[in-house]
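The next block holds one structure in the form of structure tokens; read it before the comments.
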Amino acid sequence: MPFDFRGKTAVVTGGASGIGLAAKRALEAGGASVFVFDVAGAGITVDVTDRASIDAGFAQSGPPDIVIANAGMGIEAPFAATSEDVWNRTLAVNLTGVFHTVQAAARLMIPRHHGSIVITASTNSYDGEAALIAYNASKAGLLGIVHTAANELGPHGIRVNAVCPGLIRTRLTERHFSTPEVLKDYFRDVPLGRGGEAEEVANAIAFLASDLASFISGAALVVDGGQMAAKFGTWNEDTAEFRDGRWKLR
Ligand SMILES: NC(=O)c1ccc[n+]([C@@H]2O[C@H](COP(=O)([O-])OP(=O)(O)OC[C@H]3O[C@@H](n4cnc5c(N)ncnc54)[C@H](O)[C@@H]3O)[C@@H](O)[C@H]2O)c1
């Protein structure tokens, strides 16, 4: 048992697949009772864009000790061609959905004087990756939620942190991972030379959620194989080759 979550109740939004599903499994492996809130029908059916739906979910789960605000989506479109509908939908799920999830969780945690909240932000909280204006803005906004919620909830014994994943193999990124040429270029700037697996993000989420992170609040933990550090690029054909989905030194 890598982390001890025995006796804890946890909620994972977007826990039906990808990073959320891996987080659910990591929390369960530590002994937590985990409730998934997802539109996809696994666990309790909750649409995070609908506050009443979130509140109904928490009524079923009971007051949580741990909440992972992870549900998210992304639609690619050039900035100039991004419709108001794409903008509104993305912000509704990725930003307003997290606001509602964290606020609902906080209201249940405050009277109990403890809690740990982890938000799934992104390296796109910092980067201006093209064709993702709505996604990038939503993920940048999450840092505002992390900082403010950590500030206001700390006195109540509640910690609020974020993980910022780089490119992780999930349903959301299928298109990248099914196109080796795209991966090859993308991973040129990832010092570890590859994409991440959902479990590698889930381990960071579990750490931040756990008592091992008892003095960590307001932090954004980058889980990106070094990508944010590698501004000037890492890999090229002079010394390395791209094989089996990753860069390797010759
Ligand atoms: N995969 C990556 O490379 C990557 C990188 C950085 C951040 N992220 C973030 O990680 C989180 C999880 O994404 P993933 O890659 O596991 O994708 P995913 O598509 O596998 O999982 C997203 C989950 O969120 C659920 N969801 C979507 N809209 C919802 C709503 N309105 N209410 C409730 N649930 C909803 C989906 O049904 C799905 O189960 C997202 O916030 C995403 O932005 C992913």
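The values are calculated or read from the model by the stated rules, or taken from the named source; none is laboratory data. Keep in mind it's a predicted model, so treat the numbers as computed, not measured. Cβ sites come from the backbone with ideal geometry, for glycine too, and all protein chains shown count toward neighbours. Surface accessibility is based on the protein's heavy atoms, side chains included, excluding ligands, DNA and RNA. Shrake-Rupley method; radii C 1.70, N 1.55, O 1.52, S 1.80 Å.
All told, Gly41 falls short of being within 22 Å of Ala220 (Cβ to Cβ), within 16 Å of the ligand (Cβ to nearest atom) and among the small types (Gly, Ala, Ser).
Just give me the residues in the stretch 80-101 being closer than 19 Å to Ala149 by Cβ, open to solvent by 10 Å² or more (accessible area, probe 1.4 Å) and among the β-branched types (Val, Ile, Thr), in sequence order. Val93, Thr96, listed by residue number.
Counting just the residues of the stretch 110-126 that are open to solvent by 20 Å² or more (accessible area, probe 1.4 Å) and in contact with a helix residue (DSSP H, G or I) (Cβ under 7 Å, 6 or more places away or on another chain), which one comes out farthest from Gly157 (Cα to Cα)?
Initially, the stretch 110-126 is screened for residues open to solvent by 20 Å² or more (accessible area, probe 1.4 Å), giving 110-114, 126.
Going one step further and asking which of them are in contact with a helix residue (DSSP H, G or I) (Cβ under 7 Å, 6 or more places away or on another chain), we end up with 110, 113, 126.
On the way: Ile110: 8, His113: 5, Tyr126: 28 Å.
Only one residue fits best here, namely Tyr126.
Please work out which residue is nearest to the ligand (Cβ to nearest atom), limiting yourself to the stretch 1-35 and to residues that are part of a strand (DSSP E or B) and in contact with a helix residue (DSSP H, G or I) (Cβ under 6 Å, 6 or more places away or on another chain). Checked the stretch 1-35; the qualifying residue nearest to the ligand (Cβ to nearest atom) is Thr13. Among the residues making up the stretch 127-155, a single one is among the β-branched types (Val, Ile, Thr) and open to solvent by less than 20 Å² (accessible area, probe 1.4 Å): Val146. Remark: pairs (first residue in the stretch 50-75, in a helix (DSSP H, G or I); second residue open to solvent by less than 10 Å² (accessible area, probe 1.4 Å) and among the polar types (S, T, N, Q); Cβ separation under 7 Å; 6+ apart in sequence or on different chains) = Ile54/Thr101. Annotation: Ile158 fulfils all but one of (1) away from the ligand (no atom under 14 Å from the Cβ); (2) of a type outside the set (S, T, N, Q); (3) modelled with pLDDT of 95 or more; (4) surrounded by fewer than 23 Cβ atoms within 10 Å (Cβ to Cβ); the unmet one is (4).
Taken together, the residues in the stretch 110-126 that are touching a residue at least 24 places away in the same chain (Cβ under 8 Å) and farther than 30 Å from Pro63 by Cα amount to 2.
Does Arg107 satisfy being under 24 Å from Phe37 (Cβ atoms), within 12 Å of the ligand (Cβ to nearest atom) and open to solvent by 70 Å² or more (accessible area, probe 1.4 Å)? Taking the combined requirement at face value, the residue does not satisfy it. If only residues of the stretch 233-244 that are more than 9 Å from Gly193 (Cα to Cα) and not charged (D, E, K, R) are counted, the one that is most open to solvent (accessible area, probe 1.4 Å) is Thr239. Across the stretch 30-39, what is the number of residues that are open to solvent by 30 Å² or more (accessible area, probe 1.4 Å) and either touching a residue at least 40 places away in the same chain (Cβ under 8 Å) or more than 29 Å from Pro2 (Cα to Cα) (or both)? Qualifying residue count, the stretch 30-39: 1.
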